[in-house]
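Chemist: Quick one: structure below, then a few questions.
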Amino acid sequence: ANDLASFCWRTLIVMKHDAKKFAPKLDFLTTPGYLTGPGAREAAGLPAGTGPHRVITDLCVLDFHPDTRRMRVKSLHPGKTLDQVRAATGFELTACDPLTSTVEPSDHELHILRTEVDPGRYILGRVS
């Protein structure tokens, strides 16, 4: 996965949001994000203009500040709060200004997600 993610132009990460996964310090890095900030990927030999684009969790959508490359909250999913996101994050997390609400998918988009993108419901979760 490291080779793929390291050289992708716009990586989307989908994961559950909890403080163990959003830790203040990593024990082991499998795939580099923006490392220590602007220019660090290129200094490590990775192509310019690559890196993570969005992190989509069960609480919010995160992006990366264009100047600092620090992760920040871009939008909150309906019914979720910034306090909930920060409580589930092991490091200081800023938010975009303005902080928006994540647009809910249309019925058509849900159909495509459920039947074409993830028919086994590995990412979307299974309905009991």
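The values are calculated or read from the model by the stated rules, or taken from the named source; none is laboratory data. Fair warning: this is a prediction, and the values are worked out from it, not measured in the lab. Reconstructed Cβ throughout: ideal geometry from the backbone, glycine too, with neighbour counts over all protein chains shown. Each accessible area value is taken on the protein alone, full model and side chains, heavy atoms only, with ligands, DNA and RNA left out. Shrake-Rupley method; radii C 1.70, N 1.55, O 1.52, S 1.80 Å.
Chemist: Among (1) modelled with pLDDT under 95; (2) closer than 26 Å to Ala1 by Cβ, which single condition is Val127 missing?
Modeler: (2)
Chemist: Something else about it: Identify the single condition in (1) in a helix (DSSP H, G or I); (2) touching a residue at least 24 places away in the same chain (Cβ under 8 Å); (3) open to solvent by 90 Å² or more (accessible area, probe 1.4 Å); (4) aliphatic (A, V, I, L, M) that Ala5 does not satisfy, given that it satisfies every other one.
Modeler: Of everything listed in (1) in a helix (DSSP H, G or I); (2) touching a residue at least 24 places away in the same chain (Cβ under 8 Å); (3) open to solvent by 90 Å² or more (accessible area, probe 1.4 Å); (4) aliphatic (A, V, I, L, M), Ala5 misses just condition (3).
Chemist: Checking the condition part of a loop (DSSP other than H, G, I, E, B), under 14 Å from the mean Cα position of the chain (by Cα) and at pLDDT below 95, which residue from Lys16, Lys20, Lys25 passes?
Modeler: On the way: Lys20 fails: under 14 Å from the mean Cα position of the chain (by Cα); Lys25 fails: under 14 Å from the mean Cα position of the chain (by Cα).
Residue meeting the stated conditions: Lys16.
Residue by residue, here is whether (1) over 15 Å from Ala19 (Cα atoms); (2) open to solvent by 40 Å² or more (accessible area, probe 1.4 Å); (3) modelled with pLDDT of 95 or more; (4) not charged (D, E, K, R) holds:
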site	(1), (2), (3), (4)
Ser75	yes, no, yes, yes
Thr81	yes, yes, yes, yes
Thr89	no, no, yes, yes
Thr94	yes, yes, yes, yes
Leu99	yes, yes, yes, yes
Pro105	yes, yes, no, yes
Ile112	yes, yes, yes, yes
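Chemist: Taking the criterion of being within 13 Å of the chain's Cα centre (by Cα), of a type in the set (Gly, Ala, Ser) and not in a loop (DSSP other than H, G, I, E, B), would at least one residue in region 71-94 satisfy it?
Modeler: yes
Chemist: Name the residues in region 39-53 that are in contact (Cβ under 8 Å) with a residue 12 or more places away in the chain and surrounded by 17 or more Cβ atoms within 10 Å (Cβ to Cβ), would you?
Modeler: Residues satisfying the conditions are Thr50, Gly51, Pro52.
Chemist: Look at Asp58 and say whether it is under 26 Å from Tyr122 (Cα atoms), surrounded by fewer than 16 Cβ atoms within 10 Å (Cβ to Cβ) and touching a His at 6+ places or on another chain (Cβ under 9 Å). Working first, answer last.
Modeler: Working: under 26 Å from Tyr122 (Cα atoms): yes; surrounded by fewer than 16 Cβ atoms within 10 Å (Cβ to Cβ): yes; touching a His at 6+ places or on another chain (Cβ under 9 Å): yes.
Here the answer is yes, as Asp58 does meet what is asked.
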